[in-house]
1. Ordering Cys127, Cys361 by how much accessible area each has at a 1.4 Å probe, largest first, what is the list?
2. Over the heavy atoms of Phe435, what accessible area does a 1.4 Å probe trace out, to the nearest 10 Å²?
3. By its C-alpha gyration tensor, with a ≥ b ≥ c as the square roots of the eigenvalues, how is region 208-352 shaped: rounded for a/c under 1.5, else prolate for a/b larger than b/c, else oblate?
4. Have a look at the DSSP beta bridges in the chain and tell me what percent are antiparallel, nearest 5.
5. In square angstrom, what is the accessible area per residue of region 334-586 with a 1.4 angstrom probe?
6. How much accessible surface does Trp4 have with a 1.4 Å probe, in Å² rounded to 10?
7. Could you tell me what percent of the DSSP beta bridges with both partners in region 1-197 are antiparallel, to the nearest 5?
8. Accessible area per residue for region 237-300 in Å², computed with a 1.4 Å probe and the full protein assembly in place, what is it?
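The values are calculated or read from the model by the stated rules, or taken from the named source; none is laboratory data. Keep in mind it's a predicted model, so treat the numbers as computed, not measured. Cβ: placed from backbone, ideal geometry, glycine included. Neighbour counts: every protein chain shown. Ligands, DNA and RNA are stripped out before the accessible areas are found, and what is left, the full protein with its side chains, is counted by its heavy atoms. Shrake-Rupley method; radii C 1.70, N 1.55, O 1.52, S 1.80 Å.
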Amino acid sequence: WARWEEEIDWMALSGINLALAFAGQEAVWQRVYLSLGLNQSEIDEYFTGPAFLAWNRMGNLHGWAGPLPRAWHLKQLYVQYRVLERMRSLGMITVLPAFAGHVPQGVLRAFPRVNATRLGGWSHFDCTYSCTYLLDPEDPMFQVIGTLFLKELIKEFGTDHIYSADTFNEMNPLSSDPAYLSRVSSAVFRSMTGADPSAVWLMQGWLFQHQPDFWQPARVRALLHGVPLGRMIVLDLFAESKPVYQWTESFYGQPFIWCMLHNFGGNHGLFGTVEAINHGPFAARRFPNSTMVGTGLVPEGIEQNDMVYELMNELGWRQEPLDLPSWVARYAERRYGAPNAAAASAWRLLLRSVYNCTGVCVNHNRSPLVRRPSLRMDTEVWYNKSDVYEAWRLLLSAGAELGSSPTFGYDLVDVTRQAAQQLVSEYYLSIRQAFQSRALPELLTAGGVLVYDLLPELDGLLSSHRLFLLGRWLESARAVATSDREAEQYELNARNQVTLWGPNGNILDYANKQLGGLVLDYYGVRWSLFVSALVESLNSGSPFHQDQFNQAVFQVERGFIYNKKRYPAVPVGDTLEISRKIFLKYYP
(Lines give C-alpha, C1' and ligand atoms only; values in the text may rest on other atoms or scores of the structure.)
Protein backbone atom coordinates (compact mmCIF):
# COMPACT_ATOMS: atom_id res chain seq x y z
CA TRP A 1 0.00 0.00 0.00
CA ALA A 2 2.83 2.44 0.79
CA ARG A 3 4.11 2.10 -2.79
CA TRP A 4 0.57 2.40 -4.21
CA GLU A 5 0.00 5.54 -2.17
CA GLU A 6 3.00 7.25 -3.76
CA GLU A 7 1.86 6.23 -7.24
CA ILE A 8 -1.71 7.48 -6.70
CA ASP A 9 -0.42 10.79 -5.31
CA TRP A 10 1.79 11.22 -8.36
CA MET A 11 -1.15 10.38 -10.65
CA ALA A 12 -3.34 12.94 -8.89
CA LEU A 13 -0.63 15.60 -9.07
CA SER A 14 -0.40 14.90 -12.81
CA GLY A 15 -4.15 15.28 -13.30
CA ILE A 16 -4.90 11.63 -14.09
CA ASN A 17 -8.60 11.07 -13.37
CA LEU A 18 -9.28 7.57 -14.74
CA ALA A 19 -7.31 4.65 -13.30
CA LEU A 20 -7.38 0.87 -13.29
CA ALA A 21 -8.18 -0.74 -9.94
CA PHE A 22 -7.61 -4.42 -10.62
CA ALA A 23 -6.30 -5.80 -7.32
CA GLY A 24 -8.37 -8.37 -5.45
CA GLN A 25 -10.37 -9.58 -8.44
CA GLU A 26 -9.10 -13.15 -8.06
CA ALA A 27 -10.59 -13.24 -4.55
CA VAL A 28 -13.98 -12.44 -6.03
CA TRP A 29 -13.53 -14.93 -8.88
CA GLN A 30 -12.57 -17.58 -6.32
CA ARG A 31 -15.93 -17.01 -4.59
CA VAL A 32 -17.84 -17.06 -7.88
CA TYR A 33 -16.15 -20.24 -9.14
CA LEU A 34 -16.85 -22.05 -5.86
CA SER A 35 -20.49 -20.97 -6.00
CA LEU A 36 -20.69 -22.37 -9.56
CA GLY A 37 -19.57 -25.77 -8.26
CA LEU A 38 -15.88 -25.77 -9.18
CA ASN A 39 -13.55 -27.40 -6.67
CA GLN A 40 -10.42 -25.75 -5.27
CA SER A 41 -7.98 -27.81 -7.36
CA GLU A 42 -9.73 -26.67 -10.57
CA ILE A 43 -9.38 -23.06 -9.44
CA ASP A 44 -5.73 -23.62 -8.45
CA GLU A 45 -4.99 -24.97 -11.93
CA TYR A 46 -6.39 -21.80 -13.43
CA PHE A 47 -4.86 -18.83 -11.60
CA THR A 48 -1.22 -18.06 -12.43
CA GLY A 49 1.31 -16.84 -9.87
CA PRO A 50 1.28 -13.12 -8.98
CA ALA A 51 3.97 -12.10 -11.52
CA PHE A 52 1.81 -13.38 -14.40
CA LEU A 53 -1.72 -12.36 -13.40
CA ALA A 54 -1.96 -9.66 -16.07
CA TRP A 55 -1.86 -12.41 -18.72
CA ASN A 56 -4.17 -14.72 -16.79
CA ARG A 57 -6.77 -11.93 -16.70
CA MET A 58 -6.63 -11.55 -20.50
CA GLY A 59 -6.96 -15.28 -21.09
CA ASN A 60 -3.37 -15.73 -22.33
CA LEU A 61 -2.07 -17.97 -19.53
CA HIS A 62 -3.33 -20.25 -16.80
CA GLY A 63 -1.59 -22.14 -14.00
CA TRP A 64 1.99 -21.00 -14.64
CA ALA A 65 3.89 -20.17 -11.39
CA GLY A 66 0.67 -20.63 -9.37
CA PRO A 67 -1.42 -21.44 -7.47
CA LEU A 68 -2.46 -18.36 -5.50
CA PRO A 69 -2.35 -18.89 -1.72
CA ARG A 70 -5.43 -17.95 0.34
CA ALA A 71 -3.41 -15.24 2.10
CA TRP A 72 -2.72 -13.63 -1.29
CA HIS A 73 -6.44 -13.06 -1.82
CA LEU A 74 -6.90 -11.50 1.62
CA LYS A 75 -3.94 -9.15 1.23
CA GLN A 76 -5.03 -8.10 -2.27
CA LEU A 77 -8.55 -7.31 -1.03
CA TYR A 78 -7.00 -5.11 1.63
CA VAL A 79 -4.85 -3.30 -0.95
CA GLN A 80 -7.85 -2.86 -3.26
CA TYR A 81 -9.94 -1.26 -0.49
CA ARG A 82 -7.18 1.25 0.23
CA VAL A 83 -6.57 1.97 -3.45
CA LEU A 84 -10.27 2.56 -4.20
CA GLU A 85 -10.74 4.72 -1.12
CA ARG A 86 -7.78 6.93 -2.01
CA MET A 87 -8.51 7.18 -5.75
CA ARG A 88 -12.15 8.10 -5.12
CA SER A 89 -11.26 10.58 -2.37
CA LEU A 90 -9.07 12.38 -4.93
CA GLY A 91 -11.88 12.50 -7.48
CA MET A 92 -10.59 9.74 -9.77
CA ILE A 93 -12.88 7.39 -11.67
CA THR A 94 -11.86 3.81 -10.89
CA VAL A 95 -12.00 1.12 -13.57
CA LEU A 96 -12.99 -2.35 -12.37
CA PRO A 97 -12.53 -5.66 -14.22
CA ALA A 98 -15.43 -7.45 -15.93
CA PHE A 99 -15.99 -10.84 -17.57
CA ALA A 100 -14.49 -11.24 -21.07
CA GLY A 101 -15.70 -14.79 -21.72
CA HIS A 102 -12.71 -16.91 -20.64
CA VAL A 103 -13.40 -19.74 -18.19
CA PRO A 104 -11.40 -22.39 -16.29
CA GLN A 105 -11.64 -25.94 -17.62
CA GLY A 106 -13.57 -26.84 -14.45
CA VAL A 107 -16.62 -25.00 -15.81
CA LEU A 108 -16.91 -27.69 -18.50
CA ARG A 109 -17.08 -30.38 -15.82
CA ALA A 110 -19.59 -28.50 -13.68
CA PHE A 111 -21.76 -27.68 -16.73
CA PRO A 112 -21.27 -30.53 -19.23
CA ARG A 113 -23.62 -29.00 -21.80
CA VAL A 114 -21.89 -25.61 -21.90
CA ASN A 115 -20.68 -24.47 -25.33
CA ALA A 116 -17.01 -23.50 -24.91
CA THR A 117 -14.10 -23.74 -27.36
CA ARG A 118 -10.35 -23.66 -26.77
CA LEU A 119 -8.44 -20.78 -28.27
CA GLY A 120 -4.92 -21.41 -29.61
CA GLY A 121 -1.65 -21.12 -27.68
CA TRP A 122 -0.46 -17.64 -26.78
CA SER A 123 3.03 -16.37 -27.66
CA HIS A 124 5.56 -19.23 -27.15
CA PHE A 125 3.37 -21.21 -24.74
CA ASP A 126 1.67 -24.51 -25.59
CA CYS A 127 -1.60 -25.75 -24.12
CA THR A 128 0.03 -26.80 -20.83
CA TYR A 129 -0.24 -23.21 -19.66
CA SER A 130 -2.21 -21.59 -22.48
CA CYS A 131 -5.16 -22.26 -24.87
CA THR A 132 -7.95 -20.86 -22.70
CA TYR A 133 -11.59 -21.89 -23.02
CA LEU A 134 -13.89 -19.21 -24.43
CA LEU A 135 -17.65 -19.43 -23.89
CA ASP A 136 -19.86 -19.09 -26.94
CA PRO A 137 -21.50 -15.64 -26.80
CA GLU A 138 -24.96 -17.23 -27.24
CA ASP A 139 -24.50 -19.70 -24.40
CA PRO A 140 -26.75 -18.74 -21.45
CA MET A 141 -23.84 -19.34 -19.05
CA PHE A 142 -22.03 -16.35 -20.58
CA GLN A 143 -24.59 -13.99 -19.02
CA VAL A 144 -24.92 -16.02 -15.83
CA ILE A 145 -21.16 -15.99 -15.06
CA GLY A 146 -20.50 -12.44 -16.26
CA THR A 147 -23.36 -10.87 -14.35
CA LEU A 148 -22.76 -12.97 -11.24
CA PHE A 149 -19.12 -11.87 -11.12
CA LEU A 150 -19.86 -8.18 -11.64
CA LYS A 151 -22.68 -8.12 -9.07
CA GLU A 152 -20.37 -9.75 -6.54
CA LEU A 153 -17.57 -7.30 -7.42
CA ILE A 154 -19.85 -4.24 -7.09
CA LYS A 155 -21.18 -5.54 -3.75
CA GLU A 156 -17.56 -5.78 -2.57
CA PHE A 157 -16.08 -2.58 -4.02
CA GLY A 158 -18.87 -0.23 -5.11
CA THR A 159 -18.56 1.13 -8.66
CA ASP A 160 -17.86 4.14 -10.85
CA HIS A 161 -19.54 2.34 -13.79
CA ILE A 162 -16.50 1.81 -16.02
CA TYR A 163 -15.34 -1.78 -16.61
CA SER A 164 -12.45 -3.35 -18.46
CA ALA A 165 -12.51 -6.60 -20.44
CA ASP A 166 -10.35 -7.95 -23.30
CA THR A 167 -11.52 -11.11 -25.06
CA PHE A 168 -9.07 -11.36 -27.95
CA ASN A 169 -5.82 -9.85 -26.70
CA GLU A 170 -3.12 -11.35 -28.98
CA MET A 171 -5.38 -14.33 -29.68
CA ASN A 172 -7.26 -15.00 -32.90
CA PRO A 173 -11.05 -15.24 -32.64
CA LEU A 174 -12.63 -18.59 -33.49
CA SER A 175 -14.41 -17.09 -36.49
CA SER A 176 -13.70 -14.16 -38.78
CA ASP A 177 -17.41 -13.65 -39.47
CA PRO A 178 -18.29 -10.04 -38.55
CA ALA A 179 -21.65 -11.24 -37.16
CA TYR A 180 -19.82 -13.54 -34.69
CA LEU A 181 -17.49 -10.72 -33.59
CA SER A 182 -20.50 -8.46 -32.94
CA ARG A 183 -22.17 -11.24 -30.94
CA VAL A 184 -19.07 -11.54 -28.72
CA SER A 185 -18.81 -7.82 -27.90
CA SER A 186 -22.57 -7.64 -27.43
CA ALA A 187 -22.44 -10.59 -24.99
CA VAL A 188 -19.60 -9.00 -22.98
CA PHE A 189 -21.48 -5.70 -22.77
CA ARG A 190 -24.83 -7.34 -21.88
CA SER A 191 -23.18 -9.21 -19.01
CA MET A 192 -21.98 -5.81 -17.72
CA THR A 193 -25.37 -4.09 -18.02
CA GLY A 194 -27.00 -7.12 -16.35
CA ALA A 195 -25.21 -6.06 -13.17
CA ASP A 196 -24.98 -2.28 -13.81
CA PRO A 197 -27.40 -0.67 -16.30
CA SER A 198 -25.04 2.35 -16.53
CA ALA A 199 -21.99 0.28 -17.49
CA VAL A 200 -19.36 1.67 -19.89
CA TRP A 201 -16.81 -0.76 -21.36
CA LEU A 202 -13.15 0.30 -21.47
CA MET A 203 -11.32 -1.86 -24.03
CA GLN A 204 -7.69 -2.05 -25.11
CA GLY A 205 -7.24 -1.38 -28.82
CA TRP A 206 -3.94 -3.28 -28.90
CA LEU A 207 -5.37 -6.25 -30.78
CA PHE A 208 -6.17 -4.20 -33.89
CA GLN A 209 -2.58 -3.11 -34.52
CA HIS A 210 -1.05 -6.36 -33.18
CA GLN A 211 -2.89 -8.56 -35.70
CA PRO A 212 -3.83 -6.19 -38.53
CA ASP A 213 -4.13 -9.09 -41.00
CA PHE A 214 -7.06 -10.47 -39.03
CA TRP A 215 -8.57 -7.16 -37.94
CA GLN A 216 -9.67 -5.84 -41.31
CA PRO A 217 -11.88 -2.73 -41.15
CA ALA A 218 -15.19 -4.66 -41.44
CA ARG A 219 -14.23 -6.89 -38.49
CA VAL A 220 -13.06 -3.98 -36.34
CA ARG A 221 -16.35 -2.20 -37.05
CA ALA A 222 -18.36 -5.32 -36.21
CA LEU A 223 -16.63 -5.75 -32.85
CA LEU A 224 -16.98 -2.05 -31.95
CA HIS A 225 -20.59 -1.79 -33.13
CA GLY A 226 -21.71 -4.74 -30.99
CA VAL A 227 -21.90 -2.08 -28.25
CA PRO A 228 -24.09 1.07 -28.44
CA LEU A 229 -22.08 4.14 -29.51
CA GLY A 230 -20.70 5.95 -26.48
CA ARG A 231 -20.96 2.95 -24.16
CA MET A 232 -17.44 1.79 -25.04
CA ILE A 233 -14.16 3.71 -24.68
CA VAL A 234 -11.27 2.31 -26.71
CA LEU A 235 -7.67 2.78 -25.61
CA ASP A 236 -5.60 3.52 -28.74
CA LEU A 237 -2.85 1.76 -26.86
CA PHE A 238 0.27 2.39 -28.97
CA ALA A 239 -0.82 5.68 -30.53
CA GLU A 240 2.65 7.23 -30.52
CA SER A 241 3.94 4.55 -32.92
CA LYS A 242 0.99 2.65 -34.43
CA PRO A 243 -2.22 4.68 -34.05
CA VAL A 244 -5.40 2.79 -34.93
CA TYR A 245 -7.86 5.71 -35.00
CA GLN A 246 -6.45 6.86 -38.36
CA TRP A 247 -7.46 3.73 -40.28
CA THR A 248 -10.74 3.06 -38.45
CA GLU A 249 -12.47 6.43 -39.01
CA SER A 250 -11.85 7.25 -35.35
CA PHE A 251 -12.96 3.81 -34.10
CA TYR A 252 -16.15 4.04 -36.14
CA GLY A 253 -17.71 6.50 -33.72
CA GLN A 254 -16.72 4.96 -30.37
CA PRO A 255 -14.86 7.35 -28.04
CA PHE A 256 -11.13 6.71 -27.67
CA ILE A 257 -8.19 7.76 -25.51
CA TRP A 258 -4.87 8.60 -27.21
CA CYS A 259 -2.41 6.49 -25.23
CA MET A 260 1.35 6.40 -25.01
CA LEU A 261 2.56 2.84 -24.40
CA HIS A 262 6.29 3.71 -24.48
CA ASN A 263 7.68 0.83 -22.43
CA PHE A 264 7.62 -2.94 -22.94
CA GLY A 265 8.53 -5.41 -20.21
CA GLY A 266 9.60 -2.75 -17.71
CA ASN A 267 13.01 -2.78 -19.40
CA HIS A 268 15.68 -0.27 -18.39
CA GLY A 269 17.19 1.69 -21.27
CA LEU A 270 16.83 5.38 -22.12
CA PHE A 271 14.11 5.67 -24.73
CA GLY A 272 11.39 7.96 -25.98
CA THR A 273 9.54 9.20 -29.05
CA VAL A 274 9.24 12.82 -27.96
CA GLU A 275 8.32 14.26 -31.37
CA ALA A 276 5.53 11.71 -31.84
CA ILE A 277 4.02 12.43 -28.43
CA ASN A 278 4.50 16.19 -28.78
CA HIS A 279 2.40 16.24 -31.95
CA GLY A 280 0.30 13.06 -31.92
CA PRO A 281 -2.50 14.04 -29.50
CA PHE A 282 -3.09 17.35 -31.28
CA ALA A 283 -3.27 15.64 -34.68
CA ALA A 284 -5.77 13.15 -33.23
CA ARG A 285 -8.01 15.98 -31.99
CA ARG A 286 -7.97 17.62 -35.42
CA PHE A 287 -8.78 14.33 -37.21
CA PRO A 288 -12.09 14.46 -39.17
CA ASN A 289 -14.99 13.55 -36.86
CA SER A 290 -12.51 12.75 -34.08
CA THR A 291 -13.95 10.88 -31.10
CA MET A 292 -10.88 11.40 -28.91
CA VAL A 293 -11.82 12.03 -25.27
CA GLY A 294 -8.44 12.14 -23.54
CA THR A 295 -4.79 11.15 -23.32
CA GLY A 296 -3.38 8.25 -21.34
CA LEU A 297 -0.30 6.40 -20.10
CA VAL A 298 -0.24 2.63 -20.59
CA PRO A 299 3.34 1.39 -20.04
CA GLU A 300 3.93 -2.32 -19.42
CA GLY A 301 6.33 -1.38 -16.62
CA ILE A 302 6.98 1.74 -14.53
CA GLU A 303 10.06 3.08 -12.74
CA GLN A 304 12.01 4.03 -15.88
CA ASN A 305 12.41 7.13 -18.12
CA ASP A 306 10.55 9.53 -15.82
CA MET A 307 10.99 12.42 -18.20
CA VAL A 308 8.83 10.88 -20.92
CA TYR A 309 5.91 10.44 -18.53
CA GLU A 310 6.21 13.98 -17.15
CA LEU A 311 6.18 15.28 -20.72
CA MET A 312 3.16 13.20 -21.73
CA ASN A 313 1.20 14.25 -18.64
CA GLU A 314 1.94 17.91 -19.32
CA LEU A 315 0.73 17.63 -22.92
CA GLY A 316 -2.75 16.72 -21.70
CA TRP A 317 -3.08 20.31 -20.46
CA ARG A 318 -1.70 22.05 -23.53
CA GLN A 319 -3.39 23.65 -26.54
CA GLU A 320 -0.45 23.00 -28.85
CA PRO A 321 2.95 21.24 -29.01
CA LEU A 322 5.75 22.39 -26.71
CA ASP A 323 9.14 23.84 -27.59
CA LEU A 324 10.96 20.71 -26.42
CA PRO A 325 14.56 21.97 -25.97
CA SER A 326 13.43 24.80 -23.68
CA TRP A 327 10.93 22.51 -21.90
CA VAL A 328 13.64 19.94 -21.13
CA ALA A 329 16.03 22.57 -19.74
CA ARG A 330 13.27 23.70 -17.35
CA TYR A 331 12.57 20.04 -16.56
CA ALA A 332 16.18 19.56 -15.42
CA GLU A 333 15.89 22.58 -13.14
CA ARG A 334 12.59 21.35 -11.63
CA ARG A 335 13.93 17.82 -11.25
CA TYR A 336 17.15 18.77 -9.45
CA GLY A 337 15.80 21.79 -7.57
CA ALA A 338 18.42 24.21 -8.94
CA PRO A 339 19.43 25.65 -12.31
CA ASN A 340 22.61 24.12 -13.72
CA ALA A 341 23.96 24.80 -17.20
CA ALA A 342 25.77 21.46 -17.54
CA ALA A 343 22.68 19.50 -16.50
CA ALA A 344 20.50 21.45 -18.93
CA SER A 345 22.98 20.76 -21.75
CA ALA A 346 23.06 17.07 -20.85
CA TRP A 347 19.27 16.86 -21.05
CA ARG A 348 19.17 18.66 -24.41
CA LEU A 349 21.61 16.04 -25.74
CA LEU A 350 19.50 13.18 -24.36
CA LEU A 351 16.37 14.78 -25.81
CA ARG A 352 17.75 14.86 -29.34
CA SER A 353 19.25 11.36 -29.16
CA VAL A 354 17.85 8.51 -27.01
CA TYR A 355 14.53 10.29 -26.48
CA ASN A 356 13.97 11.14 -30.13
CA CYS A 357 13.24 7.81 -31.82
CA THR A 358 11.29 8.46 -35.03
CA GLY A 359 9.33 6.17 -37.34
CA VAL A 360 7.82 3.02 -35.89
CA CYS A 361 9.74 2.58 -32.65
CA VAL A 362 9.23 -0.43 -30.41
CA ASN A 363 11.05 -0.11 -27.12
CA HIS A 364 12.26 -3.58 -26.27
CA ASN A 365 15.80 -3.32 -24.95
CA ARG A 366 17.73 -5.45 -27.46
CA SER A 367 21.19 -4.52 -26.22
CA PRO A 368 23.58 -7.50 -26.16
CA LEU A 369 24.02 -6.75 -22.44
CA VAL A 370 20.56 -8.12 -21.62
CA ARG A 371 20.16 -10.74 -24.36
CA ARG A 372 21.37 -14.33 -24.60
CA PRO A 373 24.79 -14.12 -26.32
CA SER A 374 25.21 -15.30 -29.91
CA LEU A 375 27.28 -14.38 -32.98
CA ARG A 376 24.29 -12.64 -34.54
CA MET A 377 23.38 -9.95 -32.03
CA ASP A 378 21.84 -6.62 -32.91
CA THR A 379 23.95 -3.62 -31.88
CA GLU A 380 22.07 -1.00 -33.93
CA VAL A 381 20.68 2.02 -32.10
CA TRP A 382 18.39 4.84 -33.31
CA TYR A 383 20.59 7.67 -32.02
CA ASN A 384 24.11 9.08 -32.01
CA LYS A 385 25.94 7.26 -29.20
CA SER A 386 28.40 10.10 -28.65
CA ASP A 387 25.48 12.26 -27.41
CA VAL A 388 25.02 9.87 -24.48
CA TYR A 389 28.75 9.80 -23.68
CA GLU A 390 28.79 13.60 -23.73
CA ALA A 391 25.65 13.84 -21.54
CA TRP A 392 27.38 11.50 -19.10
CA ARG A 393 30.44 13.80 -18.99
CA LEU A 394 28.22 16.86 -18.46
CA LEU A 395 26.21 15.25 -15.65
CA LEU A 396 29.39 14.22 -13.88
CA SER A 397 30.66 17.79 -14.12
CA ALA A 398 27.44 18.94 -12.40
CA GLY A 399 28.04 16.45 -9.57
CA ALA A 400 29.69 18.95 -7.23
CA GLU A 401 26.67 21.26 -7.36
CA LEU A 402 23.82 18.75 -7.68
CA GLY A 403 25.28 15.71 -5.91
CA SER A 404 22.93 16.02 -2.92
CA SER A 405 19.78 15.84 -5.09
CA PRO A 406 18.28 12.30 -4.98
CA THR A 407 16.83 12.69 -8.48
CA PHE A 408 20.26 13.68 -9.77
CA GLY A 409 21.76 10.55 -8.21
CA TYR A 410 19.14 8.40 -9.92
CA ASP A 411 19.72 10.04 -13.31
CA LEU A 412 23.49 9.75 -12.99
CA VAL A 413 23.12 5.99 -12.47
CA ASP A 414 20.71 5.77 -15.39
CA VAL A 415 22.89 7.71 -17.85
CA THR A 416 26.09 5.91 -16.74
CA ARG A 417 24.18 2.64 -17.14
CA GLN A 418 23.19 3.62 -20.68
CA ALA A 419 26.82 4.48 -21.51
CA ALA A 420 27.92 1.10 -20.11
CA GLN A 421 25.23 -0.63 -22.17
CA GLN A 422 26.72 1.02 -25.28
CA LEU A 423 30.21 -0.04 -24.23
CA VAL A 424 29.06 -3.66 -23.87
CA SER A 425 28.02 -3.55 -27.54
CA GLU A 426 31.46 -2.22 -28.52
CA TYR A 427 33.21 -5.03 -26.64
CA TYR A 428 30.81 -7.56 -28.11
CA LEU A 429 31.72 -6.40 -31.62
CA SER A 430 35.44 -6.72 -30.77
CA ILE A 431 34.84 -10.24 -29.40
CA ARG A 432 32.94 -11.28 -32.51
CA GLN A 433 35.52 -9.74 -34.84
CA ALA A 434 38.40 -11.44 -32.98
CA PHE A 435 36.63 -14.80 -33.09
CA GLN A 436 35.78 -14.54 -36.79
CA SER A 437 39.37 -13.64 -37.66
CA ARG A 438 40.61 -16.39 -35.29
CA ALA A 439 42.66 -13.89 -33.25
CA LEU A 440 42.92 -15.54 -29.84
CA PRO A 441 44.90 -12.79 -28.02
CA GLU A 442 42.36 -10.12 -29.07
CA LEU A 443 39.48 -12.40 -28.10
CA LEU A 444 40.98 -12.96 -24.65
CA THR A 445 41.59 -9.24 -24.18
CA ALA A 446 38.13 -8.00 -25.24
CA GLY A 447 36.36 -10.91 -23.50
CA GLY A 448 38.44 -10.44 -20.36
CA VAL A 449 37.72 -6.72 -20.09
CA LEU A 450 33.97 -7.30 -20.60
CA VAL A 451 33.58 -10.20 -18.18
CA TYR A 452 36.11 -9.29 -15.49
CA ASP A 453 35.91 -5.50 -15.44
CA LEU A 454 33.11 -3.72 -17.32
CA LEU A 455 30.22 -5.92 -16.14
CA PRO A 456 31.42 -5.97 -12.49
CA GLU A 457 31.84 -2.17 -12.63
CA LEU A 458 28.28 -1.80 -13.96
CA ASP A 459 26.99 -4.12 -11.24
CA GLY A 460 28.77 -2.02 -8.61
CA LEU A 461 27.27 1.18 -10.01
CA LEU A 462 23.74 -0.27 -9.96
CA SER A 463 24.30 -1.63 -6.45
CA SER A 464 24.96 1.93 -5.22
CA HIS A 465 21.32 2.98 -5.73
CA ARG A 466 18.21 1.62 -4.00
CA LEU A 467 16.08 1.70 -7.17
CA PHE A 468 18.57 -0.41 -9.14
CA LEU A 469 18.87 -3.31 -6.71
CA LEU A 470 17.83 -6.87 -7.47
CA GLY A 471 17.49 -7.26 -3.68
CA ARG A 472 14.76 -4.62 -3.59
CA TRP A 473 12.85 -6.37 -6.41
CA LEU A 474 13.05 -9.74 -4.63
CA GLU A 475 12.46 -8.47 -1.08
CA SER A 476 9.35 -6.56 -2.13
CA ALA A 477 7.98 -9.82 -3.57
CA ARG A 478 8.86 -11.76 -0.41
CA ALA A 479 7.33 -9.06 1.78
CA VAL A 480 3.83 -9.98 0.60
CA ALA A 481 4.21 -13.52 1.97
CA THR A 482 2.78 -14.84 5.21
CA SER A 483 4.99 -17.96 5.35
CA ASP A 484 8.41 -19.15 4.17
CA ARG A 485 6.78 -21.30 1.52
CA GLU A 486 4.85 -18.35 0.09
CA ALA A 487 7.97 -16.17 0.23
CA GLU A 488 9.82 -18.76 -1.84
CA GLN A 489 7.02 -18.95 -4.42
CA TYR A 490 6.81 -15.15 -4.73
CA GLU A 491 10.57 -14.85 -5.09
CA LEU A 492 10.61 -17.48 -7.84
CA ASN A 493 7.82 -15.53 -9.59
CA ALA A 494 9.86 -12.33 -9.38
CA ARG A 495 13.05 -14.04 -10.62
CA ASN A 496 11.33 -15.87 -13.47
CA GLN A 497 9.58 -12.77 -14.78
CA VAL A 498 12.83 -10.82 -15.31
CA THR A 499 14.70 -13.77 -16.87
CA LEU A 500 13.14 -16.87 -18.47
CA TRP A 501 9.54 -15.57 -18.51
CA GLY A 502 8.05 -19.04 -18.49
CA PRO A 503 9.28 -22.55 -17.67
CA ASN A 504 11.62 -22.90 -20.66
CA GLY A 505 12.60 -19.36 -21.55
CA ASN A 506 9.32 -19.06 -23.48
CA ILE A 507 9.66 -15.26 -23.71
CA LEU A 508 13.32 -15.13 -22.69
CA ASP A 509 14.56 -11.79 -21.34
CA TYR A 510 11.33 -10.04 -22.35
CA ALA A 511 11.19 -8.20 -19.02
CA ASN A 512 14.96 -7.70 -18.67
CA LYS A 513 16.13 -5.28 -15.99
CA GLN A 514 19.54 -3.83 -15.23
CA LEU A 515 19.84 -4.39 -11.50
CA GLY A 516 22.77 -4.76 -9.13
CA GLY A 517 23.09 -8.52 -8.56
CA LEU A 518 21.34 -9.48 -11.80
CA VAL A 519 24.10 -8.04 -13.99
CA LEU A 520 26.77 -10.06 -12.20
CA ASP A 521 24.96 -13.34 -11.47
CA TYR A 522 22.81 -13.63 -14.61
CA TYR A 523 24.02 -11.53 -17.55
CA GLY A 524 27.67 -11.70 -16.44
CA VAL A 525 27.65 -15.48 -16.06
CA ARG A 526 26.11 -15.84 -19.53
CA TRP A 527 28.77 -13.65 -21.09
CA SER A 528 31.50 -15.56 -19.28
CA LEU A 529 30.16 -18.84 -20.66
CA PHE A 530 29.96 -17.36 -24.17
CA VAL A 531 33.53 -16.03 -24.17
CA SER A 532 34.80 -19.38 -22.80
CA ALA A 533 32.93 -21.27 -25.52
CA LEU A 534 34.50 -19.07 -28.23
CA VAL A 535 37.98 -19.46 -26.74
CA GLU A 536 37.48 -23.23 -26.52
CA SER A 537 36.36 -23.29 -30.16
CA LEU A 538 39.52 -21.47 -31.33
CA ASN A 539 41.75 -23.63 -29.14
CA SER A 540 40.26 -26.93 -30.28
CA GLY A 541 39.62 -25.92 -33.86
CA SER A 542 36.01 -27.12 -33.61
CA PRO A 543 33.20 -24.78 -34.75
CA PHE A 544 31.03 -22.89 -32.26
CA HIS A 545 27.52 -24.37 -32.19
CA GLN A 546 24.83 -21.95 -31.07
CA ASP A 547 22.36 -24.77 -30.31
CA GLN A 548 24.80 -26.51 -27.97
CA PHE A 549 25.60 -23.19 -26.33
CA ASN A 550 21.88 -22.43 -25.88
CA GLN A 551 21.41 -25.72 -24.05
CA ALA A 552 24.37 -25.05 -21.78
CA VAL A 553 23.39 -21.43 -21.09
CA PHE A 554 19.80 -22.43 -20.31
CA GLN A 555 21.16 -24.36 -17.32
CA VAL A 556 22.90 -21.17 -16.16
CA GLU A 557 19.75 -19.09 -16.63
CA ARG A 558 17.61 -21.63 -14.78
CA GLY A 559 20.32 -21.97 -12.14
CA PHE A 560 20.02 -18.27 -11.37
CA ILE A 561 16.28 -18.59 -10.66
CA TYR A 562 16.90 -21.36 -8.13
CA ASN A 563 20.21 -20.14 -6.63
CA LYS A 564 18.57 -19.27 -3.26
CA LYS A 565 21.02 -16.39 -2.83
CA ARG A 566 19.76 -13.41 -0.81
CA TYR A 567 20.65 -10.10 -2.44
CA PRO A 568 21.13 -6.90 -0.41
CA ALA A 569 18.17 -4.50 -0.43
CA VAL A 570 20.36 -1.66 0.83
CA PRO A 571 22.72 0.18 -1.55
CA VAL A 572 26.50 0.26 -1.05
CA GLY A 573 29.06 2.74 -2.33
CA ASP A 574 29.05 6.33 -3.54
CA THR A 575 27.30 6.66 -6.91
CA LEU A 576 29.23 9.77 -7.92
CA GLU A 577 32.60 8.18 -7.15
CA ILE A 578 31.74 4.94 -8.93
CA SER A 579 30.46 6.75 -12.02
CA ARG A 580 33.60 8.91 -12.08
CA LYS A 581 35.83 5.84 -11.82
CA ILE A 582 34.04 4.10 -14.72
CA PHE A 583 34.22 7.37 -16.69
CA LEU A 584 37.99 7.70 -16.22
CA LYS A 585 38.46 4.10 -17.36
CA TYR A 586 36.01 3.88 -20.22
CA TYR A 587 34.95 7.28 -21.60
CA PRO A 588 35.73 6.85 -25.30
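1. The ranking, largest first, comes out as Cys127, Cys361.
2. For Phe435, solvent-accessible area is about 20 Å².
3. Values: a/c = 2.85, a/b = 2.10, b/c = 1.36.
In terms of gyration-tensor shape, prolate.
4. Taking every DSSP beta bridge within the chain, about 20 percent pair in antiparallel fashion.
5. 42
6. Accessible surface of Trp4 is approximately 90 Å².
7. 45
8. 33
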